1. For region 62-85, name all the residues that are in a helix (DSSP H, G or I) and in contact with a helix residue (DSSP H, G or I) (Cβ under 9 Å, 6 or more places away or on another chain).
2. When you go through A59, A20 one by one, which is the residue that is of a type outside the set (S, T, N, Q), modelled with pLDDT under 90, in a strand (DSSP E or B) and crowded, with 17+ Cβ neighbours inside 10 Å?
3. Within region 45-52, identify whether any single residue is surrounded by fewer than 15 Cβ atoms within 10 Å (Cβ to Cβ) and in contact with a strand residue (DSSP E or B) (Cβ under 6 Å, 6 or more places away or on another chain), and answer yes or no.
4. Is at least one residue of region 34-45 in a strand (DSSP E or B), out of contact with any Lys or Arg (no Cβ under 9 Å at 6 or more places or on another chain) and under 22 Å from A9 (Cα atoms)?
5. Looking at (1) in contact with an Asp or Glu (Cβ under 7 Å, 6 or more places away or on another chain); (2) modelled with pLDDT of 90 or more, can you tell me which one V87 breaks?
6. Any idea which of V10, V26, V87 is exposed (fewer than 14 other Cβ atoms within 10 Å of the Cβ) and among the hydrophobic types (A, V, I, L, M, F, W, C)?
7. What's the total number of residues in region 4-31 that are out of contact with any Lys or Arg (no Cβ under 6 Å at 6 or more places or on another chain) and in contact (Cβ under 8 Å) with a residue 60 or more places away in the chain?
Amino acid sequence: MITINFKTAVVIPTLEGDRATLPEDVDTLRDFLHYIGRKINFAIIDPISGDLQEDFEIAINGKELWFLPQGLDTKLNDNDMVDFNVVGLGGG
C-alpha cells in the first residue's frame with residue numbers, strides 16, 4: 001500500500017486530513033484519479049478519451065501533469081505530494 005500526501009479544495013468523502021493510504025490496486029496517478037472520481041461521483045478521467053477532464057489541474061511533488069514523462073501513468077510512491085485542483089471558471 002502507498003500513503004500519499006494530497007492538497008485539494010475538493011471535498012472527498014472518507015478522506016480526511018492531508019494523507020491517504022491507497023488501496024492495493026491504486027499505484028498510478030490514473031488509478032488515483034479513478035479512485036477519487038468514484039468517491040466524488042464524477043469522472044475525472046474522460047471515459048471516452050482516457051484523458052484528464054479539462055476542469056482539473058494535477059501535480060505530483062510540484063511538477064504539473066503535463067511535464068511528467070509518464071503522464072497519467074506515472075507511478076505513485078510513498079509520501080508523494082499530489083495537488084488536485086478544480087480550475088476556476090472564467091467570465092465577467
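1. L65, G71, L72, D73
2. On the way: A59 fails: modelled with pLDDT under 90.
Just a single option satisfies the conditions, and that option is A20.
3. Initial filter on region 45-52 (surrounded by fewer than 15 Cβ atoms within 10 Å (Cβ to Cβ)): 46-51.
The next check asks that each one be in contact with a strand residue (DSSP E or B) (Cβ under 6 Å, 6 or more places away or on another chain); those that pass are none.
No - not one qualifying residue is present in region 45-52.
4. Going through region 34-45, the residues in a strand (DSSP E or B) turn out to be 45.
If we keep only those that are out of contact with any Lys or Arg (no Cβ under 9 Å at 6 or more places or on another chain) as well, we get none.
No, that holds for no residue.
5. That leaves (2) as the condition not met.
6. Values: V10 fails: exposed (fewer than 14 other Cβ atoms within 10 Å of the Cβ); V26 fails: exposed (fewer than 14 other Cβ atoms within 10 Å of the Cβ).
Answer to the check: V87.
7. Qualifying residue count for the region: 6.
The values are calculated or read from the model by the stated rules, or taken from the named source; none is laboratory data. Just so it is clear, the model here is predicted, and its values are computed rather than measured. Cβ coordinates were reconstructed from backbone atoms using ideal geometry, including for glycine residues, and neighbour counts include every protein chain displayed.
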